[in-house]
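First comes the structure, then the notes that go with it.
The values are calculated or read from the model by the stated rules, or taken from the named source; none is laboratory data. Just so you know, these numbers come straight off a predicted model, no measurement behind them. Cβ placement follows ideal geometry from the backbone for every residue including glycine, while neighbour counts extend to all protein chains displayed.
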């Protein structure tokens, strides 16, 4: 019984330390996730995904195909896997 109580307290503690089930703590998130969306300097018009750290969401933006920064994903899944989920 004591083991179960310890496990329950441990789980509750972890949940309180990491609000938002399944999200990475800010210190664990790669720094690229904090970069702003950067459309780059090319001439193409591609839909891409970036992580918006203020809204804590992966959002679409227009990428020009050249330059920009690392906060640039082809698929929402890749953005979420990198910046949201453990």
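So residue 74 clears everything in (1) touching a helix residue (DSSP H, G or I) at 6+ places or on another chain (Cβ under 7 Å); (2) modelled with pLDDT of 95 or more except one condition, right? Which one?
All conditions are met except number (1).
Step by step: first the residues of region 27-45, then only those that are touching a helix residue (DSSP H, G or I) at 6+ places or on another chain (Cβ under 8 Å) and in a loop (DSSP other than H, G, I, E, B), then the one that is nearest to residue 84 (Cα to Cα). Which residue is that? Write out each step before concluding.
Filtering region 27-45 for residues touching a helix residue (DSSP H, G or I) at 6+ places or on another chain (Cβ under 8 Å) gives 29-30, 32-33.
Narrowing further to those that are in a loop (DSSP other than H, G, I, E, B): 29-30.
Details: 29: 8, 30: 10 Å.
Here the answer is 29.
Restricting to region 55-67, name every residue that is part of a loop (DSSP other than H, G, I, E, B) and under 18 Å from the mean Cα position of the chain (by Cα). Outline the logic, then answer.
We begin by selecting, within region 55-67, every residue part of a loop (DSSP other than H, G, I, E, B); these are 55-56, 64-67.
The answer is 55, 56.
Which ones in region 41-59 are closer than 19 Å to residue 31 by Cα and touching a strand residue (DSSP E or B) at 6+ places or on another chain (Cβ under 8 Å)?
Taking region 41-59 and keeping what is closer than 19 Å to residue 31 by Cα, we get 48-59.
Residues satisfying the conditions are 48, 49, 50, 51, 52, 56, 57, 58, 59.
Return only the number of the condition from (1) surrounded by 11 or more Cβ atoms within 10 Å (Cβ to Cβ); (2) at negative phi; (3) out of contact with any helix residue (DSSP H, G or I) (no Cβ under 6 Å at 6 or more places or on another chain); (4) modelled with pLDDT of 95 or more that residue 24 does not satisfy.
(4)
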